[in-house]
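**Q** One structure, pasted below without further comment.
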Amino acid sequence: MRVKLKIWRQKDANSKGAFVNYDFDGASPEMSFLEMLDALNTRLIEKGEDPIAFDSDCREGICGACGMYINGYPHGPVKGITTCHLSMRYFKDGQNIVVEPWRSKAFPVIRDLIVDRNSFDKIQVAGGFISTNVGSAPDSHAIPVIKEKSDHSFDSAICIGCGACVAACKNASAMLFVSAKVSQYAQIPQGKIEAKERVEAMIQKMDELGFGNCTNTGACEAQCPKEISVINIARMNREFYVAKIS
Amino acid sequence: MSSFLGSSLTKKIVMAFAGLFLIMFLLVHLGLNLFLLSDDPGPFNKAAHFMASNPVIKIFELVLMGGFLLHILWGVILQIQNWLARPVRYKKMAETQISFFSKYMIYTGGIILIFLIIHFVNFYFVKLGLVEGDHENFYGMAHELFQLPGYVVFYLVALLILGFHLNHAFQSAFQTLGLNHETYTPCIKFVGLAYSIVVPAGYAVIPLIIYFVK
Amino acid sequence: MTKLNSKIPSGPLAEKWTKYKDTANLVNPANKKKLDVIVVGTGLAGASAASSLGELGYQVKNFCYQDSSRRAHSVAAQGGINAAKNYRNDGDSIYHLFYDMIKGGDYRAREANVYRAAQVSNDVIDHFTAIGVPFARDYGGNLDNRSFGGVQVSRTFYAKGLTGQQCLLGTYSSLNRQINKGMVTMYPRQEMLDLVVIDGKARGIITRNLITGEIERHSAHAVVLATGGYGTIYYLSTLAVNSNPSAAWKAHKKGAYFANPSFVQIHPTSIPQLNDFQAKLTLMSESLRNDGRIWVPKAKGDKRHANTIPNEERDYFLERRYPAFGNLVPRDVASRAAKERCDAGYGVSDTGLAVNLDFRDAIQKQGKKAIESKYGNLFEMYETITGTSPYDEPMRIYPAGHYTMGGLWVDYELMTTVPGLYAIGESNFSDHGANRLGASSLMQTSGDGYFILPYTIANYLSDEIRTPRISTDLKEFEEAEKEVMNQLEKLISIKGTKSATSFHRKLGKIMWDYCGMSRNEEGLNKARVMVKKLKEDFYKDLMVPGGLNELNQELEKAGRVADYFDVADLMITDALNRTESCGAHFREESQTEEGEAKRNDADFMYVAAWEYNSSKQIHQLHKEDLKYEEVEVKVRSYK
């Protein structure tokens, strides 16, 4: 099948980027979107041209490395999947496809479709952990956890840190990402001890890094490949106010 | 404490509380306005007089003004931050928001602000003595304005926009305040939707009746 | 001839680790601050080692090629993590776990190491629970377990099909805590391109900054490699597309022996290849075999839709051949059985290279909801990729390269043959023998990083407290950097016509065909020649666009592919040398009448550790004889 691609090309962080058109007829419906780009890159390389740079690693939707803005959607137009799982069978023969990197002040472009998501790590470093040293843990069954709470904690914990929430949000807000981590720990006894410090530190870091503010549009939830709920954001808000007034 | 005042979440909670306060005020104001439908100017003018002179109400008036200012100020600051958070825009953007009107809050808010300024010039500044007029006969002033087709249209458009603004505002405030629950949130969303239709509609009925019936 | 000293403590098996810890040297807190440790890799092994060493007070530098440490491929492990907790009261114990691993590994693993891995498994689970890893729980609030291939108890802890992700993110959070405290410095998007050895000791690494292309020197008192395996040798595998053995290979070329390179696990349940440009094969967790039944039609070339084939015309070949373990036989056995059926012409799908994994009976018996709660996300993933739903029709699966039991040779202390260089997790060879059992990888890799390395490295570093910080201006650093630059310049200046990936794909095909699920002498010899030829072509016809001093993904790939040729050659050498069949290594010349693997304990009960002779550019074999004092060496049978 044939696709008409318009892809953002940018040499490095300091260069000015631009869209470049590629009329590519080497796609097939069994391919994933990234395999289609691989095939396009092979042609570019064989011609001695710079291939399109993009991040990807596990190619099974769990590492969070891949991510591009495809025809107006982070990870493309199919709900609940990452770019690596986006199949070409969702596109029509001859379709125009615009491919852009995540756009956010906090995610500067490094090259082509690769952005720097280090700010996500910085937020986690600020407080996304439970302070237990190796060797000091009691037996696992010494801390029973209500199944429902544990399951909800898991639902928050499956965030892959891809940045689609920021990319989707009209304000480039990182609230869903941050709240998923805060929520994971807020719901289990192990995490409650430093809940106050955690939520304060993580939000402070998030604000410093230049993400926008949440206006509850819900775009993050709609575009999250792991379908993480905005309930987490409400929970984080609650955690934050409780931390501040207690 | 400084992190509390400066935090993005704190700004949002201020927005939410101020917003909810304004939402409540809308209902009180609507109750008052319904007196305009009476043929007798007495009840409305008396109520207006009461609102203007009662010391308790005066305190509330200050709070209300504070609410307006905070809501507008923080709203603008947050919006500027949000624009700055994405210096390069997307070339192609699809509709991904779950809450449709959430995208346009700054614009609907801006239009409501323009309406508010005109409304203040027409009524509130008269009461304060900043603009000439008979502040003991707001009934008459309102009826005069509602005879002007241009004003009625403007008034109705502003109410429509207010409805759009409220549609997102109500549920959003609850979410910001951390009140999201599997069972209750759908109720909140329904109440928000109903409120955003019924209250502006209630306001809209008054000029329509005055213009067409009276 | 052997120079290998595995340093296994004397005494009864169950007391060896305690004895080691009691007698190993310690480093006092004031001295720890003055000691630098480099950890390469941020998977479960690397991140757990880096965070534990940070907690202890060492100055740690942690490197990964990914943009964030959270993306290391441990994240993709699905099914679970084993521990001998015996929470089910089904008779499990440390000894049983140990025994299952020894047997599962087909008696080619070191007893003492395996026993220790089983011992620390319980600590690993406790630690993960304490740092908030949301393992599945039952309604009593306790941890739940499930069963995995090759064992008869339920000892596998899990978090739906995302156990690896949850364990890795838990470890990532511990790592972040140490970064926050300033104990660990993180170096993402940095690829290790060489090891620096000074006076016979590992003293640092050369890396390339993948954003700027800058070559950097980093020094330390000890270097820990946690860089995973070499399963991507097959190009198509269940690994991440950038996973690679280059770091371990560079260390090998600098003196670390490489052990059992031919021991590669082919995972039985992955989604079959769908197109020629496919970049990887997606794994479907082994846990699916708990409820899914594997079958092919009894009639050759039966092209009817699976659902229309009645029971009596289905061949549930695992249940038929291995009634005791049925669908839960170990991975090597299941993979070979599937290959046997497909080779004999009974495979399903257009290519004939697939078998059915059917949930019909389980759904009928337990209800769709129960199946959904166990495997929901796996089923979704399958549907996303293939477009068909496993609730409605059987999954189609086929084996894929998955895990490498072989790796850098390490002693009991996890130290390689280069003093001060450690290898942990999948990058070492130690605990899985010739075949790894499901859910024991997360267990081993976390055990290495959290509970073993922190003790053993202290024993080495206690002698280093008088060594000041190592300067990166030393000539060894300069030479290593120069060598790295030369190689990069060589690759970029070929300016041929083919991408690195195209060579990798060809190499993968050769290795899959001749050094994959089954091997024979003729094929291996043939493969060796083909690899050599391909390598020559590579150095003639490679095309790497772009420059050295920029983000250049093709350059990264080319460097890795260059190493793959050498890894492939050593794999073939090892497979040729080991004329027996054992575990995942199946030599067609050595099989029983029923087609099962036939071991040769008299000649091959050893670890094959290969030394690279850089002056002669050849490999030399060293044997570490395996002694089984605790278990009786038997024929491995799952019938």
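**Q** Between 0 and 90 degrees, rounded to the nearest ten: what's the tilt of helix B:184-212 against the longest Cα principal axis of chain B?
**A** Computed tilt is about 30 degrees.
**Q** Using a Gaussian network model of chain A whose springs link C-alpha atoms within less than 10 Å, name the residue from A:GLN223, A:GLN124, A:GLN190 with the highest mean-square fluctuation.
**A** A:GLN190
**Q** Are any of the pairs C:LYS160/C:LYS365; A:LYS181/A:LYS226; C:LYS103/C:LYS526; A:LYS244/B:LYS11; A:LYS196/C:LYS181; A:LYS196/C:LYS85 more than 23 Å apart by Cα-Cα distance, and if so, which?
**A** C:LYS103/C:LYS526; A:LYS196/C:LYS85
**Q** So how many Å³ per residue does the convex hull of the Cα atoms of chain B work out to?
**A** 168
**Q** Dipole magnitude of region C:1-137 about its Cα centre, charges +1 at Lys/Arg Cβ and -1 at Asp/Glu Cβ only, in debye to the nearest 20?
**A** 400
**Q** On average, how many beta carbons from a partner chain sit within 10 Å of the beta carbon of a residue in C:167-173?
**A** Whole-number average of other-chain Cβ neighbours for C:167-173 is 4.
**Q** Using a Gaussian network model on chain B with a 10 Å cutoff between Cα atoms, which of B:GLN81, B:GLN147, B:GLN171 fluctuates the most?
**A** Of the options given, B:GLN81 has the highest mean-square fluctuation.
**Q** Would you order C:LYS475, A:LYS192 from fewest to most other beta-carbon atoms within 10 Å of each residue's own beta-carbon?
**A** C:LYS475, A:LYS192
**Q** For chain C, what is the Kirkwood hydrodynamic radius in Å, using each pair of distinct C-alpha atoms?
**A** Its Kirkwood hydrodynamic radius stands at 24.8 Å.
**Q** Starting from the Cα gyration tensor of region A:3-110, multiply each eigenvalue by 5, take the square root, and state the resulting semi-axes largest first in whole Å.
**A** Value: 20, 18, 13 Å, ordered largest first.
**Q** Based on the Cα gyration tensor of chain A, what are the three equivalent ellipsoid semi-axes, each the root of five times an eigenvalue, rounded to whole Å and given largest first?
**A** With the √(5λ) rule applied to chain A, the semi-axes are 38, 19, 16 Å.
**Q** Report the relative contact order of region C:475-602, percent, no decimals, based on alpha-carbon pairs under 8 angstrom and at least 6 residues apart.
**A** 30 percent.
**Q** So, one more: Can you put C:GLU214, C:GLU481 in order of Cβ neighbours within 10 angstrom, beginning with the fewest?
**A** Least to most surrounded, the residues fall as C:GLU214, C:GLU481.
**Q** DSSP beta bridges in the protein assembly as shown, what fraction antiparallel, as a percent rounded to 5?
**A** 70
**Q** If I fit a long axis through the Cα atoms of helix A:33-46 and take the longest principal axis of the Cα atoms of chain A, what angle between them do I get, 0 to 90°, rounded to 10?
**A** 50
**Q** If you don't mind, there's one more thing I want to ask. Please state, to two decimals, what the Cα-based radius of gyration of region C:477-618 comes to when divided by 2.2 N^0.38 Å (N = residues).
**A** Against the compact-globule rule of thumb, the ratio is 1.27.
**Q** Per-residue Cβ counts within 10 Å, from other chains only, averaged over C:545-553: what number is that?
**A** Going residue by residue through C:545-553 and averaging, the value is 5.
**Q** Over all pairs of distinct alpha carbons, what does the Kirkwood formula give as the hydrodynamic radius of region B:1-119, in Å?
**A** 17.3
**Q** What does the convex hull of the alpha-carbon atoms of region C:57-100 project to on average, in nm²?
**A** Result: a mean projected hull area of 6.0 nm².
**Q** Same structure, new question: For region B:65-191, what's the relative contact order in percent, using C-alpha pairs closer than 8 Å and at least 6 residues apart?
**A** Normalised by residue count, the contact order of region B:65-191 is 26 percent.
**Q** Turning to a different aspect of this structure: About its Cα centre, what dipole magnitude does chain B give when the only charges are +1 on Lys and Arg Cβ and -1 on Asp and Glu Cβ, stated in debye to the nearest 20?
**A** 1020
**Q** Looking at the square roots a ≥ b ≥ c of the eigenvalues of the Cα gyration tensor of region A:118-245, which shape do they give, rounded for a/c under 1.5, prolate if a/b is larger than b/c, or oblate?
**A** Judged from the Cα gyration tensor, region A:118-245 comes out prolate (a/c at least 1.5, a/b above b/c).
**Q** Right, another one. How do A:104-115, A:40-51 rank on mean C-beta neighbours within 10 Å, highest first?
**A** Those peptides, ordered most packed to least, come out A:104-115, A:40-51.
**Q** Would you compute the Debye intensity of region A:94-144 from its alpha-carbon atoms alone, equal scatterers and no solvent, and pass along log10 I(q)/I(0) at q = 0.13, 0.15, 0.18, 0.21 Å⁻¹ to two decimals?
**A** Each listed q maps to, in turn, -0.59, -0.65, -0.74, -0.85.
**Q** Please determine, in degrees from 0 to 90 and to the nearest 10, the orientation of helix B:55-84 with respect to the longest principal axis defined by the Cα atoms of chain B, where the helix direction is its Cα long axis.
**A** 40
**Q** Provide C:THR42, C:THR501, C:THR207, C:THR592 in ascending order of the number of other Cβ atoms located within 10 Å of each residue's Cβ, fewest first.
**A** C:THR592, C:THR501, C:THR207, C:THR42
**Q** Please compute the average number of Cβ atoms from other chains found within 10 Å of each residue's Cβ in peptide C:211-218.
**A** 1
**Q** How large, in Å, is region C:401-470 by the Kirkwood hydrodynamic radius built from its alpha-carbon pairs?
**A** Value: 13.0 Å, from the Cα pair sum.
**Q** Placing +1 on the Cβ of each Lys and Arg and -1 on the Cβ of each Asp and Glu in chain C, which of C:TYR99, C:GLY376, C:VAL355 has its Cα farthest towards the positive end of the resulting dipole?
**A** Result: C:GLY376.
**Q** Which value, in debye to the nearest 20, gives the size of the charge dipole of chain C about its Cα centre, when Lys and Arg are +1 and Asp and Glu are -1 at the Cβ?
**A** 460
**Q** Still on this structure: Can you pick out the pairs among B:LYS91/C:LYS280; C:LYS482/C:LYS557; C:LYS61/C:LYS540 whose Cα atoms lie more than 26 Å from each other?
**A** B:LYS91/C:LYS280; C:LYS61/C:LYS540
**Q** Here's something else I'd like to know. Which is farthest toward the positive dipole end of region A:1-95 among A:PHE33, A:GLY72, A:CYS84, measuring Cα position about the Cα centre, with Cβ charges +1 (Lys, Arg) and -1 (Asp, Glu)?
**A** Result: A:GLY72, furthest along the dipole toward the positive end.
**Q** Follow-up. With a cut-off of 8 Å between alpha carbons and a minimum separation of six or more residues, what is the relative contact order of chain A in percent?
**A** In percent, rounded to a whole number, it is 20.
**Q** Whole percent per 5 Å bin, from 0 to the bin with the longest distance: what is P(r) over all C-alpha pairs of region A:61-130?
**A** For region A:61-130, the binned pair fractions read 3, 15, 20, 22, 17, 11, 6, 3, 1, 1, 0 percent.
**Q** Calculate the tail of P(r) for region C:271-400: the fraction of all Cα-Cα distances greater than 17 Å, expressed in %.
**A** 56
**Q** If you take every DSSP beta bridge fully contained in chain A, what fraction is antiparallel? Give it as a percent rounded to 5.
**A** About 70 percent, rounded to the nearest 5.
**Q** Suppose we keep just the DSSP beta bridges with both residues in chain C; what percent of those would be antiparallel, to 5?
**A** The antiparallel proportion sits near 70 percent.
**Q** For the protein assembly as shown, divide the Cα radius of gyration by the Kirkwood radius and give the resulting Rg/Rh value with two decimals.
**A** A ratio of 1.04.
Rule-based calculations on the coordinates, nothing more; no lab input. If you're wondering where the values come from, they're calculated on a predicted model, not measured in any experiment. Cβ coordinates were reconstructed from backbone atoms using ideal geometry, including for glycine residues, and neighbour counts include every protein chain displayed.
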